[in-house]
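I have placed the structure first, in the form of C-alpha cells, so that the comments after it can refer back to it.
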C-alpha cells in the first residue's frame with residue numbers, strides 16, 4: 001500500500017520534469033581553470049597562486065580530492081608555471097589562472113595518474129525541501145537553513161567538476177526521500193540526466209547527517225554525511241568509474257552497424273575522435289552499412305560503454321563477433337543528410 005502511494009506521489013514530480021528542456025550529459029568547460037587569491041602578480045606570490053590554482057584543477061581533472069596533499073604525486077606532476085596558458089587579475093585580490101590541457105594531461109600520463117574527460121554524467125539531485133520563511137533549520141549542514149544545503153552542495157560539486165541539476169522543490173507532501181528511487185532510470189531520463197542522487201535524514205544522526213543514495217538503473221551506492229560530503233561522495237564514485245590512466249590503454253576493434261549515409265559516417269568519425277577516452281580511431285573496413293574501426297582507448301570495455309552511454313550515440317548491439325565489439329548507431333543520433341554510403 002505504501003509503495004502504491006509513493007508511486008502515485010511521484011507522478012506530479014515526473015510531470016514537472018517532463019516539462020524541462022531536455023539535456024544530455026554535460027561537457028564541463030572550466031576544468032583547467034581556477035580562481036585563487038594572489039597578493040601580487042609577480043615573483044613568489046604569483047608562483048604560490050599558480051600552485052594553489054593547479055591544486056584545484058588537479059582535483060577536477062583527476063577526480064581525486066586528496067591529490068594536492070599527497071607530496072609524492074604532487075612532486076611527480078612538477079612545477080605549475082610552465083603549464084600556465086594565461087592568467088588575469090580579478091576583483092578582490094583574485095587571479096584567474098588557465099592551464100594548458102594537453103601539457104597537463106601529458107604530465108599526468110607520465111606520472112600514471114588518472115585523467116577524467118570533460119564530458120561527464122549529469123546527476124539529478126533530490127535535496128531536502130526548503131522550509132518556509134521563518135521556519136526552523138532543516139537537515140543539512142549543522143545549524144544552517146535548508147537553503148544553504150543547496151548552496152554547499154552546488155559549490156562542492158563545482159569544485160570537483162561535477163555537473164548536477166537540482167530537482168525543484170515539490171508540492172507539499174508529494175514525495176519523500178525514497179520516491180525518486182522507485183524508478184531512477186525513468187526519473188533521470190525525464191530530466192535528461194544520467195543518474196539520480198536522493199537524500200534523506202538519518203533518524204539519529206543529528207541535523208548535519210544525511211543518507212545519500214546514488215542510483216543508475218538497478219545499481220545503488222550509499223554513504224552518509226553532510227551536504228559537502230554528499231557532493232564529494234558523488235564525485236569520488238563517478239571518478240572511480242570514469243577517470244582512466246595511460247597504463248590502462250588498449251586497442252579494440254569496433255564493428256558499428258546502422259551507418260547508412262555519408263553524413264552519419266562523417267559525424268560518427270568526428271564523434272569518435274572527439275571522445276576523451278579515445279586516443280585514436282582508424283577506419284579499417286566499410287561494408288553494407290557497417291564500419292570497422294581500430295580504436296585505441298584509455299580504459300576497458302566497460303568504461304568505453306559508459307562513455308558511449310553519455311551521448312547515447314552508440315549502444316552495444318550483440319556479443320563480440322570474431323573478436324570485434326559490435327555497436328549500433330542509435331536511430332536519430334545524427335539527423336540530417338540522406339546521401340547513402
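The values are calculated or read from the model by the stated rules, or taken from the named source; none is laboratory data. Model, not experiment: these values are computed from the prediction. Note that we place each Cβ from the backbone using ideal geometry, even for glycine, and neighbour counts take in every protein chain shown.
Of all the numbered requirements in (1) surrounded by 15 or more Cβ atoms within 10 Å (Cβ to Cβ); (2) in the same structural domain as residue 210 (by TED's automatic domain parsing); (3) modelled with pLDDT under 95, residue 158 misses one, and that requirement is (3). Does residue 80 count as at pLDDT 95 or above, in contact with a helix residue (DSSP H, G or I) (Cβ under 7 Å, 6 or more places away or on another chain) and either more than 19 Å from residue 112 (Cα to Cα) or in the same structural domain as residue 106 (by TED's automatic domain parsing) (or both)? Spelling it out, residue 80 is indeed at pLDDT 95 or above, in contact with a helix residue (DSSP H, G or I) (Cβ under 7 Å, 6 or more places away or on another chain) and either more than 19 Å from residue 112 (Cα to Cα) or in the same structural domain as residue 106 (by TED's automatic domain parsing) (or both).
In region 86-102, the residue that is farthest from residue 46 (Cα to Cα) out of those that are within 26 Å of the chain's Cα centre (by Cα) and free of Cβ contacts under 8 Å to residues at least 24 places away in the same chain is 102. Taken together, 214, 234 contain a single residue that is part of a strand (DSSP E or B), at pLDDT 95 or above and not assigned by TED's automatic domain parsing to the domain that holds residue 302, which is 214.
Just one of the listed residues (301, 326, 292) is within 24 Å of residue 61 (Cα to Cα), in contact (Cβ under 8 Å) with a residue 24 or more places away in the chain and either in contact with a strand residue (DSSP E or B) (Cβ under 6 Å, 6 or more places away or on another chain) or loosely packed, with under 14 Cβ neighbours inside 10 Å (or both), and it is 301. Might you check whether a residue that is under 30 Å from residue 33 (Cβ atoms), crowded, with 21+ Cβ neighbours inside 10 Å, at pLDDT 90 or above and not assigned by TED's automatic domain parsing to the domain that holds residue 298 occurs anywhere in region 128-150? No, region 128-150 contains no residue that is under 30 Å from residue 33 (Cβ atoms), crowded, with 21+ Cβ neighbours inside 10 Å, at pLDDT 90 or above and not assigned by TED's automatic domain parsing to the domain that holds residue 298. Exactly one of (1) touching a helix residue (DSSP H, G or I) at 6+ places or on another chain (Cβ under 6 Å); (2) surrounded by 18 or more Cβ atoms within 10 Å (Cβ to Cβ) is unmet by residue 246. Its number? Checking residue 246 against (1) touching a helix residue (DSSP H, G or I) at 6+ places or on another chain (Cβ under 6 Å); (2) surrounded by 18 or more Cβ atoms within 10 Å (Cβ to Cβ), the one that fails is (2).
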